[in-house]
Amino acid sequence: MKQRVWAHAVTHTATKQVCHMISIDFATTLRELFWTLYISLCPLSSFSTPLALSDASIPFLSFLFQFLSRIMVLQFLPLKISCDLSFWSELNRLKLEEWKLDESPRPIVATLPPDARSKTTYFLILDHSSLHPPEELAYNQVRGTLHLYNTLAELEDVDLHQKIQELAPSDVILNGTWQTPKDLLTFSLIMYADLKYFNYHVLTAVPSIILPQSFKLKKYTFTDADGALLDSFKPKPRQEFPVLWTKDGEKSFDEIGLLNPEKSFLIYHSLEDDFNPDAMHWQVPNLLFALAWNPTIKSIRIATIDRNLKLVNVKHFKLPTLPADENVVFYGWSQKVPQLYSLTEFFDRNQLMSISVDLNLKLTRWRMVPNLELDKFNIKVLIIGAGTLGCNLARGLMGWGLKNITFVDCGKVSVSNPVRQSLFIADDIGKPKAQAAAEALKRIYPTINSQSAALKVVMPGHPADDEEVLRDVDALDQLFSSHDFIFLCTDSRESRWLPTILALKHGKPVINIALGFDSFLVMRHGLGLNVGQVNPATADYKDKLAEIPGDQLGCYFCLDVTAPGDSTTNRTLDQQCTISRSGLSFTACGFAVELFASLVQHRQGPYAPARLTNTDENAGTLGGTPHQIRGFLRSYSMIAPTTLRSSVCSACGPGICSKLTSQEQLHNVVLTAVNDPGKLEVICGISKLQQDAENMEDDILTFGDSDTESV
Ligand SMILES: [Zn+2]
């Protein structure tokens, strides 16, 4: 039954060949004509991406192809290159993170999968893995080259004729070093990638030899013996490349010179069941040319069989004896000018935004800061206070690509807030501040993980129900445990005390931002509970006389001579209002964000030392890591002092730190501070210091009196 089907097919094929017995050079001319028409009429399909090929164009292409097929003898189905989104995504990553400005050609691989064919072409598929070629290729992979230029002008200046001669596998063909037809197939992508807008200007090529005139198509008559031979063909399940078939089964291409050309076939097993009956595979010319270098091969019969084992066509070629100086010319560009592929619309807007944010940061690594480690910004930040400082700070942190930000604030957005607190608008009035701030971040950057907690920050000297106090303390304690870096952005001195001691308890770094009316302070705190002890993490700091290690730096309360207490009650309206000059919070938050970035990038992180004298601008990847930055708007000046952790500090001194080693101790210290801040002074040692100072004052007075008296 199969025999009958073949007979029908062969009659059709043979008739056409008798009618069109012409020399190959004319066929080649026609082929190029077809190619030119095909490309110029169907620019959308020429890159072969299924994304670019509209449904509406398919019937038109099919009609065109059938029309052209009636006027041509030899047709070669273009082998095209199709790249999926994972390929582009990985290409972006490699260009940004590894290749950067290096334009060297890159080896890549493509896959010839059985199902990636249309009626008019078949595809080489590239995906993420194509950019990481394995040493040994899989059965259906071929090697190729990617050449990525840094500018569009460079790409447009490429001499395409010259370039394809360089890219073609001519050495393999001319040296006869090929072993299987797969070795004769290669491909190339040359392109310019505008990574910011996901626009790719691309030219693709699958080099194919232009067969010289001396190659002739012979008249072929199908015989019963041929039918029997082809009937015995048993394709392997994975048959992407041609095989040499004899009555004894498949033969290696090494043996081709020994075979009787009248009793063997070179078989292309097409898996497409409606393969064009006049067409041949794109790989055929290279293979014919390579075979012609073997003087014992005078002719070859090429059969194409579809996936139902139906014979599509047989072409019988007479192979010439090629002169040693035979001029080899390749062609095979998919188009004559770079084609633009914009993938912007295929990326989800939020995903695109996320990629672009990272992209801007990655671009800084190309020239400005090659050692920038962006992974270090992948940390969770806790912002205590969602007012003017918290809002501006969060915007600055987003710019560094931070994606995990949590606000703590128990207040609500008031009518006066939106004009100064940059994350709020009039519609937010009355909403919980922390929640409104977190929502605002999501409006700006939808993929950010912004959270909120409407928590009251317990303050010394502000008594409340003990149980309620401890509940709030434990909730905040939990947040400190689950975040990596803390910013203090509240608007009163005492509200910074509990966050300061919780950060010490958890060993978390803190940056504290405080505003006066026209001055600001940005300061990082020492880390951990060990005061005055050498920490292994900082033992190797450079100069013990000129620097203080990061964990031994003073905190916001270190220079105070009293413990924090209630500073807001019994104040007049203007005293309660913590207003500053309008531009000041932007300035202060800007410095806080950059101090954070410098610390995160420093090899010792928050343990980075601070110099006692001038800031070392080469301390880390982003420069210095000062302890404090104090700015004065009236004189437009700044200083960067460094101070040691105080031994009697009411927040970070050893007296307090020694009482933070258990939750119960924490509760006791906090309740003491809340209900009787005076006792805090006893615990930390300030009261003793005060007593000593008073005693010293008495001594001085006594001395003075007696001295006076003596005069
Ligand atoms: Zn302190």
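The numbers here are math on the coordinates, done by the rules we state, and not lab data. Treat the numbers as computed from the prediction; the structure is a model and nothing was measured. Heads up, the Cβs are rebuilt from the backbone with ideal geometry, glycines too, and the neighbour counts pull from every protein chain shown.
Whole-Hz ³J(HN,Hα) for each residue in segment 142-151, computed from phi via Karplus 6.51 cos²θ - 1.76 cosθ + 1.60 with θ = phi - 60°, x for glycine and proline: what do you get?
These are the phi-based 3J(HN,Hα) values: 10, 8, x, 9, 10, 10, 10, 8, 7, 9 Hz.
How do 212-220, 606-614 rank on mean C-beta neighbours within 10 Å, highest first?
Going from most to least packed, we get 606-614, 212-220.
When the convex hull of the Cα atoms of segment 352-649 is projected onto a plane and the area is averaged over all directions, what value comes out in nm²?
16.3
Cα centroid distance between segment 279-322 and segment 158-199, in Å?
That distance is 22 Å.
Report, in cubic angstrom per residue, the convex hull volume of the C-alpha atoms of segment 258-364.
234
Would you mind giving the average projected area, over all directions, of the Cα convex hull of segment 157-299 in nm² with one decimal?
Projected area, direction-averaged: 12.0 nm².
Hey, could you get me the Stokes-Einstein D for segment 305-406, Kirkwood radius over alpha-carbon pairs, 37 °C and 0.692 mPa s, rounded to whole µm² s⁻¹?
The calculation lands on 159 µm²/s.
Restricting everything to alpha-carbon atoms, can you work out Rg to Rh for segment 244-314 with a Kirkwood hydrodynamic radius?
Here the Rg-to-Rh quotient is 0.97.
Quickly rank 374-382, 436-444 as a protection proxy: mean count of other C-beta atoms within 10 Å, highest first.
436-444, 374-382
Kirkwood hydrodynamic radius (Cα pairs, Å) of segment 596-706?
17.6
Net charge near PHE485: determine it from the other residues with C-beta under 12 Å of the C-beta of PHE485, scoring Lys and Arg +1 and Asp and Glu -1.
Around PHE485, the surrounding residues sum to +3.
Too long at a 26 Å Cα-Cα cut-off: which of LYS100/LYS376; LYS80/LYS251; LYS182/LYS236; LYS403/LYS659; LYS219/LYS336?
The answer is LYS80/LYS251; LYS403/LYS659; LYS219/LYS336.
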